[in-house]
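The structure under discussion appears below in the form of structure tokens.
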Amino acid sequence: MKKRVSPVLIVILLIILVALAGGLSLVIGRYLPGKERVDGSQYFHLESDEETALILDQELLEGKGKFIDGKIYIDESTVSRYINSRFYWDAQNQEMLYTLPDEVLELKPDSTSYTAGGEKMEEENPMIVQSGDNFLVSLDFLTKYTDMECQVFENPNRVVINTREGKVQMVDASRSYKVREKGGIKSPILTEGEEGDHLRFLEAMENWTKVATSDGYVGYVRNKDIGEVREESVDYSSEAPEYTSIQKDYKINLSWHLMMNEAGNQELKSKIKGCTGLNTISPTWFTFADANGTLNSLASKEYVDQAHAAGLEVWGLIENINTDVNTLEVLSVRENREKIISQLMEAVKQTGMDGINVDFESITEDSAPHFVQFVRELSVAMRSAQKVLSVDLPVPQPYNEFYNWKELGIMTDYVIIMGYDEHYAGSEEAGSVASLPYVEEGIKGTVAQVPKEKVINAVPFYTRLWTQPFGSSNLSSETMTMDEASEYVKANDMEVYWDGSVGQNVAEKEDNTALYQIWLEDEESIEAKMELIQSYDLAGVASWQLGYQRNTVWEIIDQYLNE
């Protein structure tokens, strides 16, 4: 007689089997790669078929391209900010300007023609189009005048642009692979590829590597799916003409000659007496007279003739020191820029000076594009006249990146770093005008963007006496020449010690009311700075200002420039 199996037991067994199956499914699921895929249009933030994503140097830009009559166009603000700042929108005249070495191209919206080299040029499609309130640049025309690699992809629409040249790190796929959104097999899939694909290496993790694909995706692949990291050289040079520069076959030793009126032109002989090795002088000759581009000029042929007779080149300086005139208001108007350039070139012709030095300070982010465009346009005239063009720029800092050192380095013959005013009138704490770390920071930041053969570092011939009253936050300072500082130290019996961290002698004294401090600029501090200039093999040195120095520093400067 067969035993009957209890229904309860059967139910229990079924529950156990289901639980085991579920547990097994969870285990298997945990280790199986995820199959979810990211929607391409969502990944590239596309909202319509008219849009195309822009991926620049592995970064997805916020701005989008737009299809117009089957061609891709990009908003001029995106072009100038991220891709090629040389495309400059002239809002007043409603045209795009593009500066070549010897002329400025004028590109009118919705036109297919423009003049270059005196000849009428024709494009298949408009170079610039208007879309609503925006103006857009043709990708085809942009490619023609930009050093870049550009590829267009569909489904989803995207343009992949590479501009960074030099050495890049790459990895090759050793088998078929999937690029995932994050480092993990459960992360959604962005795209996939085959053995032999070349991927841009971005970052290594324990089991995954962050890569960029050639068609614009940035994500993670398994380490076992790729080979070793390798270096590759890339060069995206276009056929655009070269922006030539004048490079002297000697190190520049320049000093600025502060001039308040025409009588200053009569001081040249006394100013340069004892200045061994000085080979270039830059008189402060030109300032804005009004907001329409009219200049006040102190330029003097007699001064230039005397300087030449003494073996000096003359680079006349133009500055925006007139606080009654708004720099943005002046430079944002093309007619004003042309008027300024015309006056400068006439002064060059009349006096026989050898160059122009542009010293526009306190440039704001709003005025920076117009400042850079002014230098571009001036460079065309100076290149034609075969005269030296130099520009004075502050030490590169995160807050002043808009100065565009790289572009100004291309357009000018020399970039002069104003390696001082680390601490200035109005600073909240006392300190050096130009400590050695600050000077080196300026040199490093500049040569990272401008060839060292074009970089001149400026040193101060002045310092500051700092007075900190006890029990008060009213810190004050006054400017002193080298001799004035030395005399003050001696007269007040100040304690002097060498501070190697700043590369200077520091003088201190306190009385019943305040602490007095001077970070001295002297023979030792200048030598420390010249050692830096020599070690980075820069194009030379500049100094502010002529007459503030002790003449014993000239021999030190000359020694380091000519070793």
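Of S111, S384, N474, which is farthest on the positive side of the dipole of the chain, counting Cα position, with +1 on Lys and Arg Cβ, -1 on Asp and Glu Cβ, and the Cα centre as origin?
S111
For the residues H198, H423, what sequence is obtained by ranking on other C-beta atoms within 10 Å, fewest first? Before the final figure, lay out each step's value.
Details: H198 14, H423 21.
Least crowded to most crowded, the residues run H198, H423.
Which of the pairs K35/K66; K71/K406; K248/K452; K406/K454 have their Cα atoms more than 21 Å apart in this structure?
Numbers: K35/K66 32 Å; K71/K406 31 Å; K248/K452 13 Å; K406/K454 11 Å.
Over 21 Å Cα-Cα: K35/K66; K71/K406.
Find the Cα radius of gyration of the stretch 165-234, compare it with 2.2 N^0.38 Å by division, and give the number to two decimals.
1.01
Students often check this: by mean Cβ neighbours within 10 Å, which of 357-365, 487-495 ranks highest, and how do the rest follow?
By packing density, highest mean first, the sequence is 357-365, 487-495.
Taking the chain as the reference, fit the longest principal axis to its C-alpha atoms, fit the long axis of helix 523-535 to the helix C-alpha atoms, and give the angle between the two in degrees, 0 to 90, nearest 10.
Helix 523-535 sits roughly 40 degrees off the main axis of the chain.
As an exercise, use a Förster radius of 56 Å and the Cβ-Cβ distance of A425 and E122 to find the FRET efficiency, rounded to the nearest 0.05.
That gives a FRET efficiency of 0.45.
So how do T213, T244 line up by other beta-carbon neighbours within 10 Å, fewest first? Don't skip to the end; give the middle numbers.
On the way: T213 22, T244 12.
Listed from fewest to most nearby Cβ atoms, that is T244, T213.
Ratio of alpha-carbon Rg to the 2.2 N^0.38 Å globular estimate for the chain, to two decimals, please.
Rg over 2.2 N^0.38 Å, computed on Cα atoms: 1.30.
Between 0 and 90 degrees, rounded to the nearest ten: what's the tilt of helix 334-351 against the longest Cα principal axis of the chain?
That works out to roughly 40 degrees.
How about K269: which aspartates and glutamates have a C-alpha closer than 18 Å to its C-alpha, ignoring those fewer than 8 places off in the same chain?
E302, D305, E313
Where the only charges are on Cβ atoms (+1 Lys, Arg; -1 Asp, Glu), what is the dipole of the chain about its Cα centre, to the nearest 20 debye?
That gives a dipole near 2860 debye.
Quick one: dipole size for the stretch 35-158, taken about the Cα centre, charges +1 on Lys/Arg Cβ and -1 on Asp/Glu Cβ, in debye to the nearest 20.
220 debye
Where does each of 199-205, 347-353 land if you order them by average Cβ count within 10 Å, highest first? Working shown, then result.
Details: 199-205: 15.4, 347-353: 18.0.
Those peptides, ordered most packed to least, come out 347-353, 199-205.
Give the calculated FRET efficiency between E59 and T276 to the nearest 0.05, with a Förster radius of 56 Å applied to their Cβ-Cβ distance. The partial results should precede the final answer.
On the way: r = 51 Å, r/R0 = 0.92.
The computed FRET efficiency comes out at 0.65.
With an 8 Å cut-off on Cα pairs and a minimum separation of 6 or more residues, tell me the relative contact order of the chain in percent.
10 percent
What size of dipole, in debye to the nearest 20, comes out for the stretch 87-205 about its Cα centre when the only charges are +1 on Lys and Arg C-beta atoms and -1 on Asp and Glu C-beta atoms? Walk me through the intermediate numbers first.
Numbers: 12 positive and 23 negative charges, 181 e Å.
Dipole about the Cα centre, nearest 20: 860 debye.
Put a dot 7 Å past each Cα toward the Cβ at I321 and K224; how far apart are the dots in nm?
Placing both labels 7 Å along Cα→Cβ, they lie 7.2 nm apart.
When ranked by the protection proxy of mean other Cβ atoms within 10 Å per residue, highest first, what sequence do the peptides 269-275, 412-418, 104-110 form?
The most tightly packed comes first, giving 412-418, 104-110, 269-275.
Give the span of the stretch 337-400's Cα atoms along each principal axis, as three whole-Å numbers ordered largest to smallest.
40, 21, 16
Since every read-out is calculated from the coordinates, none of them should be taken as a lab result. Small disclaimer: the values here were computed from a predicted structure and weren't measured. Positions of Cβ are backbone-derived with ideal geometry, glycine not excepted, and every protein chain shown enters the neighbour counts.
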